[in-house]
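The values are calculated or read from the model by the stated rules, or taken from the named source; none is laboratory data. Predicted model only: the values in this text are computed from it and were never measured. Using ideal geometry, Cβ is built from the backbone for each residue, glycine included, and neighbour counts are taken over all protein chains shown. Ligands, DNA and RNA are excluded from the accessible area calculation, which covers all protein heavy atoms including side chains. Shrake-Rupley method; radii C 1.70, N 1.55, O 1.52, S 1.80 Å.
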Amino acid sequence: MSYWKRIGAMAGRLLIGCGLVAAGIGSAQAACNLQSARGQIKRVVHITFDNVHFLRDNPNVPSDLELMPNLLDFVLNNGTISANHHTPLISHTATDILTALSGLYGDRMGVPVANSYGFFRPDGSVGFSPSFLYWTALGGDGIPLMVNEKGKTAPAPWVPFTRAGCDVGAFSVANIEIESIPADIRTIFGVGSPEDLSVSAALALPNVAANQPARQKPNTDFLGIAIHCALGSSLCNNPRARPDLLPDEPGGYVGFKALFGNVNVAPVICATAPTAPCGRSGNVKDTDGNDIKDAYGQPGFPNIFNPTASQSLGYAATMLEAGLPVVYLYIADAHDRNPLPLDPVTNRPTAAHAFGPGEEEYVSQLRAYDAAFGKFFARLAAAGITKDNTLFLIVPDENDHFVGGPPSPVNCNGVTVPCTYAAIGEISATYNRLLFTQRRNSTPFLVHSDDAPTVYITGNPTPTAPVTRTMERDSDALTAVNPITGNTDKLSAFLADQAEMKLLHMVTSSSARTPTFTMFGNPDYFFFTANPLTDCAFPPACIEETPNFAWNHGDVQEDITRTWLAMVGPGVRRQGRADEVFSDHTDVRPTMMALLGLKDSYIHDGRVLVEKLQDFALPGALRDDEGENFVKLAQLYKELNAPLGSVGQSSLEFATRSIVADDVTYDRYLAKIDAITKRRDALADQIKSALDAAEFAHQAIDDHLAHALSERAKKLIEEVDDLAAEHRKDEHEARK
C-alpha cells in the first residue's frame, strides 16, 4: 500500500533507542519440529505482496509477474499458481493480510475494515482507530483490536510454530511486529517503561527539517521487524529479548520471548548467520549488498512500511541464513515510486507518485524486483534452502483497479515502447459535500475513506431509522462527471446495510465497530468527507483527479478482489497455472498448516486446497476415494460462506435493491436476510467442522453426511441466487 495512505494511521511513531547491549548470543537454534509428510519441509517462506498482478491490466503490456520471470518461472516450473483466488471484504491491505495470516474472516479476527476503522462512542460520536497495531493491542473501543467471536484476542499466527520449537521472523507484515509508536511500545514494553519514557524526549524535538533524522531514528530502530522465539531458543537468550505476552492464547502461552525491532534483531541474526551476510558494518543488507536503511541513511527498517523487494528479501534471507525456519515478509507494489526521495528543502519524503501500466519507471522497478528475486533464490540455494526442503507461499493482499485514461502511444508495450498517460489518478470524491449539493442532505457522518467507504452516522441510528434510510437512498442516487472520460457516473455500485454486512463477515463481536452501512462505490473514485459542508459550486472541487494515487482498492469489483496465490515446495503439485478451483485468503492458512503437519487452536473459515497438493502430503482422510466427499463439500462451502462466493455476491445484489426500496419492502428484506444469515451460519459451522475433522483429525466425511450437507448448501445457494435474479430482472425492466 502507498506510504501516504498508511502513514495517516501511524502518526506519532517515535521512540529513542535504549542502547541495549547484545549478550549471550549463541549459534544453535531451537529444534524445529515441523511434521510434514515424509519430513521434507524444513522451512517456510511466506511472502505477501501489495498489489502485484499476475494478469495484465493492459493486453499489450506484460503483467507484473511477467516482468518478474525469476519469480514467475520459479513458481510455474516448480509449483502451482492460481488466478482464481480472492480477497475478503473489505478488500484492502490490513484486512487482506490478517485474513491470510489467520485463516479467519474479519468477524472472527476483529478487522473487517481496513486500514483504519470507525467506532461509535457511548454518546454516539465517532472515533477512528488504526487497523495496523500489534496483535495484542487494544482498539479504539477499548477491547482487543484483533477481537474474535468470544471477545478475546484472536490466536496469534506464530504460536503453532513456536510451540513446535520453531523461531518465527517477520519483516513488515501486518500486526505481528511493532506497527505504531508509541502505542505498540506501551503494549509490548509497558507504560512507564524506559522505552515508553524515551518517547517524550523524542516528541519534544521541534518538527523541523534539521530534526527529521533524529525523529525518525526510533522508527527505524523499532518498527516492522520481529522474531518470535521458541522456548529455549538461543536467539532470545539475551537482554534484548522481551516476554512474548499473549494472555488470551488458548492453552496459555508462558515463558516465550521475542525480539522487537531492528535494533534488537539485527545484532542477533548478524552474529548468528554463518556466512556473515551483514559484513563489516554489522547492518543487514538488501539483495544488492547495500545496508537496509531509512530515507535519511540510518540503518534499520525503512520506516514507511513500503519496502522494496530487495529490502524485504535481503532481510528475510539474513533471517533464514541465521537459522530461522519460518519467515514472513511483505513487499510493496511497484506501481508507486519506491522509495520516495527526500524533498531537498523540507528534508521529508516527497509526495507519492503513481504509474500506469507500461510506464518506464514502473517497468524499471519491476525489473529491479525481478533481479532481487534472482539473487534471493541464488542466495538461499547457496545456504541449502531450496524448493526441495522449503515451503514457499506467495499471496498478494489485493488486486487494485487502475484509474486512468488510455496510454500513449496506443500500441505501447512498456518493454520496447514505454507508455505515458495524459490522464492518470484515482478520482477524489467529497462524499458529504456531494450529498449536500445533490440531495440537500446535511446529516452529520464520517467515513473510513476508501473506494468502499464505511459510513458512520453521528448518533449511531438504527438501520430502520429515517435518517439511515434517507442517507442510504441519497447515497445510491449520487452521480459525478468523470474528469477522465467525461461520462456521468453513478457513484454507488452496491449498498450493504448492517444485516448484509453480517452475512459478508463484516460485523465483529464489538457492536461499537459496526458501521451504519457500507457503500461499495464506482472503482474509479475514492470517497472521503471534508469540512466545511459547502455546496460543490464553491471551491475546492468535490470531484478531482489526483495523480498521486492511481490504483484503487477496497471495493467488490473483480479486478480488485480477484488476485492470485502461488505455492512451491514438498507436497505441492507441479501444476503451473491452474485456475479451476475457487479460493480466497482464508484458505492459505489451513493449506499451509496441513502441509506442515501442524494445527491451530481453532477451526478456520477456510479449507485445505487439496486440489493443489500431492496425494502423499494429504491427511489420510483426504486421499483417494475418501477425499471425494471432502472436495465436493469444500467447493460448495466456499460458494456458501466466502464473501465473494455465490451467496455473498447474490445477497449483495438482493440487499442493494431492498435498501433503496420502500420501507415495507425493506422490512420484508430484513426478515428474509436475517433468516438466510442464520441458516447460512449454522450450515457453514457444520460444514467447516466436518472439513476440519477431515483435515486435522483424520476423520473422513461419510457419504450420508456429505450428501445431507451438500443438498442443504445447494438449496440455500439457489435460494439466494433467485433473490438476486429478481434484482437483475427489475434492472432489465427499468432499462426498457
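If you check 558, 611, which single one turns out to be touching an Asp or Glu at 6+ places or on another chain (Cβ under 8 Å) and among the charged types (D, E, K, R)?
611
Here is a list: 46, 86, 53. Which entry is within 24 Å of residue 417 (Cα to Cα) and at pLDDT 95 or above?
Within the list 46, 86, 53, the selection yields 53.
Go over the candidates 704, 604, 698 one by one and state the one that is out of contact with any Asp or Glu (no Cβ under 9 Å at 6 or more places or on another chain), in a loop (DSSP other than H, G, I, E, B) and not hydroxyl-bearing (Ser, Thr, Tyr).
On the way: 704 fails: in a loop (DSSP other than H, G, I, E, B); 604 fails: out of contact with any Asp or Glu (no Cβ under 9 Å at 6 or more places or on another chain).
Within the list 704, 604, 698, the selection yields 698.
If we keep just the residues of segment 245-290 that are open to solvent by 20 Å² or more (accessible area, probe 1.4 Å) and aliphatic (A, V, I, L, M), which is nearest to residue 220 (Cα to Cα)?
Across segment 245-290, the extreme among qualifying residues is 263.
Residues 459, 414: which one is in a loop (DSSP other than H, G, I, E, B), open to solvent by 30 Å² or more (accessible area, probe 1.4 Å) and at positive phi?
So the residue among 459, 414 that is in a loop (DSSP other than H, G, I, E, B), open to solvent by 30 Å² or more (accessible area, probe 1.4 Å) and at positive phi is 459.
Against the definition (of a type in the set (Gly, Ala, Ser), assigned to a helix (DSSP H, G or I) and buried (at least 23 other Cβ atoms within 10 Å of the Cβ)), how does residue 621 come out, yes or no?
no
So which residues in segment 658-668 are part of a helix (DSSP H, G or I) and either touching a strand residue (DSSP E or B) at 6+ places or on another chain (Cβ under 9 Å) or open to solvent by 50 Å² or more (accessible area, probe 1.4 Å) (or both), if there are any at all? So that I can check it myself, show each step before the final result.
The first filter runs over segment 658-668 and keeps only residues part of a helix (DSSP H, G or I), leaving 658-659, 663-668.
Answer for segment 658-668, where residues must be part of a helix (DSSP H, G or I) and either touching a strand residue (DSSP E or B) at 6+ places or on another chain (Cβ under 9 Å) or open to solvent by 50 Å² or more (accessible area, probe 1.4 Å) (or both): 658, 659, 663, 664, 666, 667, 668.
On the given criteria, is residue 258 assigned to a strand (DSSP E or B) and under 18 Å from residue 323 (Cα atoms)?
yes
For segment 356-369, does any single residue satisfy the condition of being among the β-branched types (Val, Ile, Thr), assigned to a helix (DSSP H, G or I), modelled with pLDDT of 95 or more and over 28 Å from the mean Cα position of the chain (by Cα)?
Among the residues of segment 356-369, not one is among the β-branched types (Val, Ile, Thr), assigned to a helix (DSSP H, G or I), modelled with pLDDT of 95 or more and over 28 Å from the mean Cα position of the chain (by Cα), which makes the answer no.
Go through segment 469-521 and give me each residue that's under 12 Å from residue 434 (Cβ atoms) and out of contact with any strand residue (DSSP E or B) (no Cβ under 9 Å at 6 or more places or on another chain).
Within segment 469-521, 474 is the sole residue that qualifies.
Scanning segment 270-327 for residues that are β-branched (Val, Ile, Thr) and under 27 Å from the mean Cα position of the chain (by Cα), which turns out farthest from residue 35 (Cα to Cα)? Walk me through it before giving the result.
Kept after step one, since they are β-branched (Val, Ile, Thr), are these residues of segment 270-327: 272, 275, 284, 287, 292, 304, 308, 318, 326-327.
When the remaining residues are screened for being under 27 Å from the mean Cα position of the chain (by Cα), the result is 284, 287, 292, 304, 308, 318, 326-327.
Values: 284: 31, 287: 31, 292: 34, 304: 37, 308: 33, 318: 25, 326: 14, 327: 17 Å.
So, considering only residues that are β-branched (Val, Ile, Thr) and under 27 Å from the mean Cα position of the chain (by Cα), the one farthest from residue 35 (Cα to Cα) is 304.
If you check 172, 234, which single one turns out to be open to solvent by 10 Å² or more (accessible area, probe 1.4 Å) and modelled with pLDDT of 90 or more?
234
If you take the residues of segment 467-483 that are without any contact (Cβ under 8 Å) to a residue 40 or more places away in the chain and over 12 Å from residue 493 (Cα atoms), which of them is surrounded by the fewest Cβ atoms within 10 Å (Cβ to Cβ)?
470
Pick from segment 187-213 the residues that are open to solvent by 50 Å² or more (accessible area, probe 1.4 Å) and part of a helix (DSSP H, G or I): which of them is nearest to residue 142 (Cα to Cα)? Give the steps one after another, and end with the answer.
First pass over segment 187-213, keeping only residues open to solvent by 50 Å² or more (accessible area, probe 1.4 Å): 187, 191, 194, 197, 200-201, 203-208, 210.
Add one more test, that the residue is part of a helix (DSSP H, G or I), and what stays is 187, 194, 197, 200-201, 203, 210.
Values: 187: 13, 194: 24, 197: 23, 200: 23, 201: 27, 203: 25, 210: 37 Å.
Among them, the one singled out is 187.
Only one of 96, 107, 141 is open to solvent by less than 10 Å² (accessible area, probe 1.4 Å) and outside any strand (DSSP E or B); which? Let's see the steps before the verdict.
On the way: 107 fails: open to solvent by less than 10 Å² (accessible area, probe 1.4 Å); 141 fails: open to solvent by less than 10 Å² (accessible area, probe 1.4 Å).
Exactly one residue qualifies, and that residue is 96.
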